[in-house]
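Trainee: This structure is in structure tokens; I'll ask about it shortly.
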Amino acid sequence: MSDTTLWAELLAYGAGISLSPIHIAVLLLLLLGPNPVARGGWFVAGWVITTLATVSLLLTVGHTLVLDMTQGSDHRTGLDLLAGGALIAIGVKELLRAFADGDNPPSWTRSIDRFVAMPLPLLVGLGAITEVASPDDLFLFAKSAAVVLAAGLPTWQELVGLLAFTTGASLLLMLPLGAVLIGREKVLPLLEKGKQVLFARGELVVSGVSLALGGYLGWQGISGLMLT
């Protein structure tokens, strides 16, 4: 695998994790509410720390167990097929749910106000738990650690890879926070519009990304089977 392909994969898998409608919606409401920089900043910091800690732990486990994650290996092929199947299933589920809901907001939107009203430490902790408890996110975390293991990078490049993945996985949260830091009053209409679009089209976007990543990982798994 070339360096360009490695970084592209890490950023793509990270972007798949970053596209979490519930977390993005919570952040937008925090930024639209009182004390937005502090509350939004802590929420994003919790997400970044959880992301970096999770992928670092998986990478450490891979090194400790000396797992072979090269293309065509049993571990790599099994992970690709499982992750691809899970993401395709989630994509189809979200697509069917979007059609079933029609013009009505997704069911999860009814819980968002309750989440935002929680004390900040509890909200940050709940955000971390829901991030790592999501099956599609777990597969993307595992796949990201696997491609770093397969590349056989020196330690400093592994660290760069982890930072690249964490950046990709946090980008959709860091962008609105950064915009508020630059000039909140100017971006308030955009934040409100973003919330409305997310409530109306979030499931379709998640479905499209899940199907695309699931199809790619499934193809990699099938390619791995052909090498064995």
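Trainee: Name the residues whose placed amide hydrogens come within less than 5 Å of the amide hydrogen of LEU153, ignoring near sequence neighbours (fewer than 5 apart) on the same chain.
Mentor: Those lying under 5 Å, H to H, from LEU153: there are none.
Trainee: Accessible area per residue for the chain in Å², computed with a 1.4 Å probe and the full protein assembly in place, what is it?
Mentor: 49 Å²
Trainee: Calculate how steeply helix 21-32 sits against the longest principal axis of the alpha-carbon atoms of the chain, using the helix alpha-carbon long axis, and give the answer as 0 to 90 degrees to the nearest 10.
Mentor: Here the helix axis deviates by roughly 40 degrees.
Trainee: Another question about this same structure. Given labels modelled 7 Å from the Cα in the Cβ direction, how far is it in nm from ALA8 to ALA212?
Mentor: 1.3 nm
Trainee: Further question on the same structure: The chain: percent of C-alpha pairs farther apart than 25 Å?
Mentor: 43 percent
Trainee: Tell me, what ³J(HN,Hα) does each residue in segment 174-187 have, in order and in whole Hz, if you take phi through Karplus 6.51 cos²θ - 1.76 cosθ + 1.60 with θ = phi - 60° and put x for Gly and Pro?
Mentor: Here the 3J(HN,Hα) series is 6, 4, x, 5, x, 5, 5, 4, 6, x, 5, 4, 6, 9 Hz.
Trainee: Ordered by residue, what ³J(HN,Hα) values in Hz, to whole numbers, does segment 134-139 give under the Karplus form 6.51 cos²θ - 1.76 cosθ + 1.60, where θ = phi - 60° and Gly and Pro are x?
Mentor: Computed from phi, the couplings for segment 134-139 are 6, x, 5, 5, 4, 5 Hz.
Trainee: At R0 = 25 Å, how high is the FRET efficiency between ILE182 and ILE49 if r is their beta carbon distance? Nearest 0.05 is fine.
Mentor: Calculated value: 0.60.
Trainee: For the chain, what does the helix formula give at 222 nm: sum of -39500 (n - 2.57) over DSSP H segments with n ≥ 4, over the residue count, nearest 500 deg cm²/dmol?
Mentor: Helix-only estimate at 222 nm: -30000 deg cm²/dmol.
The values are calculated or read from the model by the stated rules, or taken from the named source; none is laboratory data. Here the structure is a predicted model, which is why all the values come from computation and not from measurement. Every residue, glycine among them, receives a Cβ derived from its backbone with ideal geometry; neighbour counts consider all protein chains shown. Keep in mind that these areas ignore ligands, DNA and RNA; they rest on the heavy atoms of the full protein, side chains included. Shrake-Rupley method; radii C 1.70, N 1.55, O 1.52, S 1.80 Å.
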